[in-house]
Amino acid sequence: MKRLYSFLLPAAMVLFAVIAFAGDPQILLSPGPEPSTATFGSINKVFTGDWQQYGQLFTDWQGGLFSRVFLLILTIVPALFLLHFILIGAKKFSHEGSPVFFFGLFTRFIHWLAALSFSLLVITGLMVIFGKFIGGGPLVMTGRSIHLLSALVFAVTAVFMFFIWLKDMLPMPHDILWMFIMGGYLSKKKKPVPAGKFNAGQKMWFWLATVGGGVMAWSGYQLYAFDGMTDQLRLMAILHNFLGAALIAFFITHLYMSLFAIKGSLGSMITGYKPQEEVEILHSRYKM
Ligand code: HEM
């Protein structure tokens, strides 16, 4: 019995100290004649922490903000590029001179694998976001399974892309200049722009796709495994949604640049070669 007291007394004192210092000492007072849910809620918080901190915010955003942000990106970004295409148009380069080798076979293979898996990620991710509007059920569940499989493939390609291109994607002082003139894309003139093998815009896309892709894989895994504190999962969902929105905005930009803004750009990711004039103008600091 004496032994039991000698254990219980210090334990009770430690518990008292934790409550008094970590929480609101007020709760040690009697809950009053009519103890309310709020009173017990505040007692609970001392032990469990505030696990509902992001509850309301998450419910509100999940209920509308996320899908509105995606809808906005899917409409505004292509509309801006359509305007650019109408007003400025594509940059066209002569195919005379000796073509410059830009992308090796393995690089092209990894790129197209990334392109395929990422495109599937975007399509199936949007299916989940707009699940309510496409009827939900097995269609969305299938989309979710494809999302997971594509994520596994994309994560591997992102690691390869990161190491293949890292050296050429490091920021350089001339990148600031490139951003000031918006890469020359606001003008129809063909004046050499300050860029090495990749320009500042391509570098942004690279970092977002590889490091951002890694963060997407990590947050997505936690959501899929549903493993963690409730509030932590809510934060992961918020991060996954906003970063996903930024990735889609840049993905549309990448598509516009490689399919429409620079005529023949797609060819370089198929054959590996770029026309000499294109390199001299768009990658003027690249040492051939
Ligand atoms: C499915 C559609 C895609 C198409 C048609 C496409 C096309 C291209 C083309 C033509 C280039 C060469 C650009 C140039 O130097 O002129 C390129 C480069 C590149 N692509 Fe893609 N790509 C696609 C998807 C992706 C995806 C999903 C990623 C990564 C998540 C990606 C990452 C890159 C990177 C990092 C480069 C080098 C930097 C740059 O040019 O932006 N691409 N892509």
Worksheet item: Are there any pairs, at least 6 apart or on different chains, whose C-beta atoms fall under 6 Å, with the first in region 224-245 and within 14 Å of residue 59 (Cα to Cα) and the second part of a loop (DSSP other than H, G, I, E, B) and among the hydrophobic types (A, V, I, L, M, F, W, C), and if so, which?
Response: 230/51; 231/51
Worksheet item: Among 112, 205, 165, 178, which is the only one that is modelled with pLDDT of 95 or more, away from the ligand (no atom under 12 Å from the Cβ), assigned to a helix (DSSP H, G or I) and not β-branched (Val, Ile, Thr)?
Response: 178
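Being charged (D, E, K, R) and modelled with pLDDT of 95 or more is the filter here; which residues of region 230-288 pass it?
Scanning region 230-288 gives 274, 277, 278, 280, 285.
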Response to the item:
The condition from (1) crowded, with 17+ Cβ neighbours inside 10 Å; (2) within 30 Å of residue 84 (Cβ to Cβ) that residue 147 misses is numbered (2)
Discussion item. Give me the residue from region 265-288 that is in a loop (DSSP other than H, G, I, E, B) and surrounded by fewer than 16 Cβ atoms within 10 Å (Cβ to Cβ) and, out of that set, farthest from the ligand (Cβ to nearest atom).
Written reply: 287
Worksheet item: Assuming residue 242 fulfils every condition listed in (1) outside any helix (DSSP H, G or I); (2) more than 11 Å from the ligand (Cβ to nearest atom); (3) out of contact with any Leu (no Cβ under 8 Å at 6 or more places or on another chain) apart from one, which condition is it?
Response: (1)
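The values are calculated or read from the model by the stated rules, or taken from the named source; none is laboratory data. No experiment lies behind these values; they were computed from the predicted model shown. Cβ coordinates were reconstructed from backbone atoms using ideal geometry, including for glycine residues, and neighbour counts include every protein chain displayed.
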